[in-house]
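Accompanying notes for the structure given below.
FYI, it's all coordinate maths here, none of it is from the lab. These numbers were taken from a predicted model, which means no experiment stands behind them. Here the Cβ positions follow ideal geometry from the backbone for every residue, glycine too, while neighbour counts run over all protein chains shown.
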Amino acid sequence: MTAASQIATSDDLLALILSSLNDDKAEDIVQIDLRGKTAIGDYMVICSGRSTRQVSAISEKLAQAVKDATGRTSKMEGRETGDWVLIDTGDVVVHVFRPEVREFYQLEKMWLGGDDAATAAPH
């Protein structure tokens, strides 16, 4: 069985992404279930890196891991500055922030209302 055939569902892709983020020491990883809420993807993952260099490195390694496992190239924005990088892997949208930038934008609050708090799973 090839690596690409092992990544058959959005849940498999999410597991790969969470593993990559953990391996690269991303901090405060939160996953948000978007199924039934929006067409942008099935999951959103938000995490932090301690510096612009770490944010960029986490993002580059994640995009490469997704490409190696699925054969798909992820769309990436913001890697040059390293404050906030968005990686669109298809079914899972990943945001990697420096902590100060993450606090400013507060994406978790935008996607998580009071009733939805149970759908976010810190990892």
Open item on the list: How much of the pair distance distribution for the chain lies past 17 Å, counting alpha-carbon pairs only, in percent?
Closed with: 53
Task: Partner lysines for Lys109 [C-alpha distance under 16 Å; skip if fewer than 8 residues away on the same chain] - done: Lys37
Task: Cut-off 12 Å between beta-carbons: net charge of the residues surrounding Thr9, Lys and Arg +1, Asp and Glu -1 - done: -3
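Return the percentage of antiparallel bridges among DSSP beta bridges fully within the range 7-122, rounded to the nearest 5 %. Before the final figure, lay out the partial values.
Values: 16 of 22 bridges.
Taking every DSSP beta bridge within the range 7-122, about 75 percent pair in antiparallel fashion.
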Open item on the list: Using only DSSP helix segments of four residues or longer, with each worth -39500 (n - 2.57), what per-residue ellipticity at 222 nm results for the chain after dividing by its residue count and rounding to 500?
Closed with: -11500 deg cm²/dmol
